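Working notes, beginning with the structure itself.
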Amino acid sequence: MPHSLEANAPLPTLPKLRIALVVDRVDWHARKLIEAFAKHRVRAVPVNLSSCGIATSTPFGLTIAGFGDALPDAVMVRSMAGGSFQAVTLRLGILHALRELGVPVWNDARAIERCVDKSMTSFVLARAGIATPETWAVEALDVAKAIVRRETPAGSLVFKPLFGSQGRGLRLIHGENDLPAPAEAAGVYYLQRYVGIERDGYRDFRLLVSQGRVVAAMVRHADQWITNVKQGGRPVFAVPDAEMKDLALRATAAIGANFAGVDIIHDAQGRATVIEVNSMPAWSGLQKVTPASIAAVLVRDLVEVLRAGTVREAQA
Ligand SMILES: Nc1ncnc2c1ncn2[C@@H]1O[C@H](COP(=O)(O)OP(=O)(O)O)[C@@H](O)[C@H]1O
Ligand SMILES: [Mg+2]
């Protein structure tokens with residue numbers, strides 16, 4: 001009978017997906033992501049970009065460790081180790097190449113470049129009309145000193161390493177003598193208007209955005225102005241208000257990231273302002289105060305997009 005035949009017909013099987021999970025080591029985050037992918041029957045292969053390369057003789061012009069001559073169905077970038085300028089350029093080039101080959105890369109090299117270089121984040125945010133403190137980035141010490149002389153009468157500045165993370169290397173600048181020497185500054189002075197205020201200690205917010213929505217948030221309380229969890233900041237669950245959510249979503253969209261960790265602080269007037277956007281955010285602190293598995297949310301968002309693409313292709 002046609003009816004029962006139909007009922008017994010095998011369901012169209014979705015092709016098995018294989019994801020390259022870009023990591024510098026298989027840490028807690030990587031393990032959580034691999035587990036989350038496995039729940040969707042997707043194999044996530046940890047890939048260190050330092051073991052990949054360009055190889056023009058291969059079918060796709062690339063070698064992706066663990067994938068032989070094939071391409072991954074998608075790439076999720078969790079972390080990239082530091083290296084020489086040349087090594088990092090090659091690694092980002094591989095991510096650019098994957099995108100150009102049509103592989104979805106979350107986050108792609110362009111978004112990563114815009115976030116790793118804090119001055120480009122500031123530029124992109126300001127151009128998009130997103131509230132962010134005034135920022136200058138210059139190479140020459142005497143130019144940096146002139147900025148400090150001109151700007152500090154209106155309030156302190158913050159010096160940050162251009163490629164900094166986890167609150168390392170930040171300094172408050174009250175006068176030109178607070179600037180680090182060029183060698184210590186790696187030849188670049190990134191200076192930002194200090195907007196922190198003390199209210200029984202210091203605090204700022206971290207919002208995690210994925211696929212156009214805020215999926216987790218925390219407030220970080222600290223005894224000093226640098227609130228990163230790695231610097232002793234204490235994470236507490238937070239429900240962000242509409243202003244913060246809107247800023248985080250617009251900042252992530254302006255950067256062109258599929259997911260991002262957005263740092264938001266309130267200035268003396270109580271206005272929310274974006275301090276930083278992270279395209280490779282760690283979330284162990286945020287996970288401590290978030291009931292849902294963050295890895296599961298990020299993974300589901302990517303798998304849904306891939307499955308939707310697959311189903312569309314199958315139906316075409
Ligand atoms: N302009 C600023 N005004 C006040 N506090 C700041 C400012 N910039 C950074 N901070 C503090 O320092 C922390 C780290 O700065 P951030 O720009 O996020 O760099 P990192 O990449 O090291 O996390 C922020 O979470 C915030 O607590
Ligand atoms: Mg930060």
Expressed as an acute angle from 0 to 90° and rounded to the nearest 10, what is the orientation of the C-alpha long axis of helix 28-39 relative to the principal long axis of the chain? 30 degrees
Quote the charge dipole size of region 203-316 about the Cα centre in Debye, to the nearest 20; the model charges only the Cβ of Lys and Arg (+1) and of Asp and Glu (-1). 240 debye
Kindly write out, for region 120-126 in residue order, the coupling ³J(HN,Hα) from the Karplus curve 6.51 cos²θ - 1.76 cosθ + 1.60 (θ = phi - 60°), rounded to whole Hz, with x marking Gly and Pro. 6, 4, 4, 4, 4, 4, 4
If r is the Cβ-Cβ distance from PHE60 to ARG171 and R0 is 51 Å, what FRET efficiency results, to the nearest 0.05? 0.70
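Taking R0 as 22 Å, what's the FRET efficiency between ALA140 and GLU184 from their Cβ-Cβ distance, rounded to 0.05?
According to the calculation, E is roughly 0.90.
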Looking at region 2-106 only, what percent of DSSP beta bridges run antiparallel? Nearest 5 please. 15 percent
If r is the Cβ-Cβ distance from ARG149 to ARG199 and R0 is 25 Å, what FRET efficiency results, to the nearest 0.05? 0.25
Bridge orientation stat for the chain from DSSP, antiparallel percent rounded to 5, came to 80 percent
Per GNM of the chain with C-alpha springs under 10 angstrom, the most fluctuating residue out of LEU141, LEU157, LEU286 is LEU141
Estimated inter-spin distance, LYS16 and ALA308, nm [label 7 Å along Cα→Cβ]: 2.7 nm
Treating only Lys and Arg (+1) and Asp and Glu (-1) as charged, each at its beta carbon, one finds that the chain has a dipole about its Cα centre, in Debye to the nearest 20, of 600 debye
Report the residue, chosen from ALA74, ALA253, ALA87, that carries the largest GNM mean-square fluctuation when the chain is represented by alpha-carbon nodes joined by springs under 10 Å. ALA87
The chain: radius of gyration and largest Cα-Cα distance (Dmax), Å: 22.0, 88
Descending principal axes extents, region 135-193, alpha-carbon based, whole Å: 28, 21, 18
For every helix of n ≥ 4 consecutive DSSP H residues, a contribution of -39,500 (n - 2.57) applies; sum these over the chain, divide by its total residues, and give [θ] at 222 nm rounded to the nearest 500 deg cm²/dmol. -10000 deg cm²/dmol
In the Gaussian network model of the chain, springs joining C-alpha atoms below 10 Å, which of ALA183, ALA292, ALA81 carries the largest mean-square fluctuation? ALA183
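Every read-out reported here was derived from the displayed coordinates using simple, explicitly stated rules and does not represent laboratory data. Remember, it's a predicted structure, so these values are computed and weren't measured experimentally. Glycine gets a Cβ as well: all are built from the backbone with ideal geometry, and neighbour counts include every protein chain shown.
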